[in-house]
1. Non-local amide H neighbours of Leu293 (under 5 Å, H modeled in plane, Pro and chain starts lacking H): which ones?
2. Using a Förster distance of 30 angstrom, determine the FRET efficiency expected from the C-beta separation of Val273 and Ala210, and round it to 0.05.
3. How long is the gain from Glu529 to Phe475 if the chain were fully straight, where each residue apart is worth 0.36 nm and the alpha carbon distance is subtracted?
4. Please give the FRET efficiency for Leu412 paired with Ile536, using the beta carbon to beta carbon distance and R0 = 22 Å, rounded to the nearest 0.05.
5. Most exposed first by the Cβ proxy, i.e. fewest other Cβ within 10 Å, how do Tyr36, Tyr540 rank?
6. Report ³J(HN,Hα) in whole Hz for each residue of the range 120-136, in order, from the Karplus equation J = 6.51 cos²θ - 1.76 cosθ + 1.60 where θ = phi - 60°; Gly and Pro get x.
7. From the phi angles alone, apply the Karplus equation (6.51, -1.76, 1.60; θ = phi - 60°) to the range 163-178 and give each ³J(HN,Hα) in whole Hz, x where the residue is Gly or Pro.
8. Any idea how far apart Leu299 and Phe319 come out in nm if each label point goes 7 Å out from Cα toward Cβ?
Amino acid sequence: MADPASLMFQVGVIAMVGFIGAALARSTRVSVIVGYIIAGMLIGPFIHVEAFGASYDGLLQESSFIQGIAQLGLVLLLFFVGLEFSIAKLARTKEAAAVLAATNLGVNLFAGFALGAWLGWPLIDTIFLAGVVSMSSSAIVAKSLIDLKRLGNAETEFLMGMVILESFLAMFLLTIVNGAIVPSGTAPSNVGALFLGVALFLGFFALLAAVVVPHTVRLIDRIKSDELFVLFALGAVFLAAAMAGAFGIPAIIGAFFMGMVFADTKIAGRLKVRMESLRDAFVAIFFVSFGMLIDPAALPQVLPMLLIAVPLVLLNDLFLTSALAYFIGFSGRAATAIGTSLVARNEEAILYASVGTGAIQANPSLSNNFAGTYLTPFTGVLCIVMSSVAPLLMRMSTGLADFFAKRIPRSLVFGAQVVRRTLRSIVMPAVLPIYRRGRLFQAVLLLYAVWIVTLAVTDGAVHLALALLTPVALFGVWATARHAFREPVRHTDYGVDGGPFGRSEIEAFVLRIVVGAFATVAFVTILWEYYWPVTIGILYAYFLLIVISMRTIHRHLGLEHTGQPPRTRPSRFERTSRMWRAAGGPNGRR
């Protein structure tokens, strides 16, 4: 162990360069985490600069002590993320946040998997790479919303609910993957034992949240001394982290779930206030220490990865997620605001990189030539780039929405509006619902999601057997979706002279778009096992299906050559009825 003077020097250098980096970042209106990372790179053991006969090799060569302190910061950071995971908040956003979170996370994970497959990385390394690519920054989202004075906007609550739910799903995935690699630091574990450990772990915290905490939170709140209150909180957080390690789960997951336990209690606000400064100090050390692990010499090697990853992130978050948000009921400007807010990559991505790199390097059976070497520098630069771009895009979101609204073809606009008006009544919360929403469709979608996940994690004969169930699964989705869409289509005002022809055409169109999306997910999951490049063609085919379907319904409803508000072509029944009504009028008698 280093002598006390050396330890004090390390902590002092970390704190001072962190302060300078954060101050410079704030002055340039960039996330302070970017300043921490760059500061860490400049003092770390991998930097080497020669000029005028002198050389500089970094201020800190031995960082094991700093890395240990950094883990404390990581645990506290995840505890605060858990504190934001409020079931009450999610209940208000309901299906909208779940749809956005699952789709955004799924598409970003696919982008990360495609990048890893293109690079030729092994599966385990690719999983952590996909995690890095898919992790939006909840901290930057919240900070930018405050700076832009958007906390009162209608979409903000849905956006925060979505980000929180994404964090939960990401933590669950990290729990499974990390436990499967190195539960003991040496070899992969038995899958059954891993899931049993995860189930017991989740069951313990469910019992804690449902039974223990509601009956003890009043006693905890009676602790008047802030000193004793903070000591209790620290003890609870780190004991939960230690217990997670005992179950073969990353310690940070224990801290995350402990935060969830207290999220909806009366002491949540007091926990945030009293522990915030402590968290900020240790978290700053974590980000600086992460920067120290980045080897500047590896940056040229990760440049091709960045040139692919950055456009993929922008494509998914800025365009696909914005389009999905519009489809389920948000306005064009609100949907674009949601998409631009998700572009940032920061603490969650760094978390995945830190845990993934450590897990791979700790397992001698895994190669360090992929994620073990390149994941950290890739993540650092990706976070710097995306965290710098995100606030700018958020400020420009209204202009971007207006720009695309003027340039998208009229047929696509009409088709998107039809989908939006239909799904809005199904997905978005309604103050005065005019009909009861069916739970059967939601149950079928949940079963479909379980089937897709099982399909994704299996191979060989089991994968093929599950793939053979695709027609049955898609028929179930189609049948329940048709039943769920019937009432919304009947009661929704599409701005057209609807009738039997128009309504049935609209119902078939929306079903084609929605069920086509589920079919695309199924075929991508099935064929990835055999030849992943073909999945790109499947996605392009679905895109063509959307465009052709929108043009078709625009033409069939008689809107191809008119600039007037949408009007459907009357059916034969409607035309006959109008003729008889006209014939029976005052001027229509023969």
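1. When sequence neighbours closer than 5 places are left aside, there are no close amide H contacts.
2. On the way: r = 26 Å, r/R0 = 0.86.
So, using R0 = 30 Å, E works out to roughly 0.70.
3. Numbers: separation 54, 0.36 × 54 = 19.44 nm, distance 2.31 nm.
Taking 0.36 nm per residue and subtracting the Cα distance, the gain is 17.1 nm.
4. Values: r = 22 Å, r/R0 = 1.00.
The value I calculate is 0.50.
5. Details: Tyr36 27, Tyr540 10.
Ascending number of Cβ neighbours within 10 Å: Tyr540, Tyr36.
6. Karplus values, whole Hz, x for Gly and Pro: x, 6, x, 4, 4, 4, 5, 4, 5, 4, 4, x, 5, 5, 8, 8, 6.
7. 5, 5, 5, 4, 4, 5, 4, 5, 5, 5, 5, 4, 4, 5, 5, 5
8. Roughly 2.9 nm, to one decimal.
Each reported figure results from applying straightforward, stated rules to the coordinates on display, with no laboratory input. Values in this document were obtained by computation on a predicted structure and should not be read as measured data. Neighbour counts run over all protein chains shown; Cβ positions are idealised from the backbone, glycine included.
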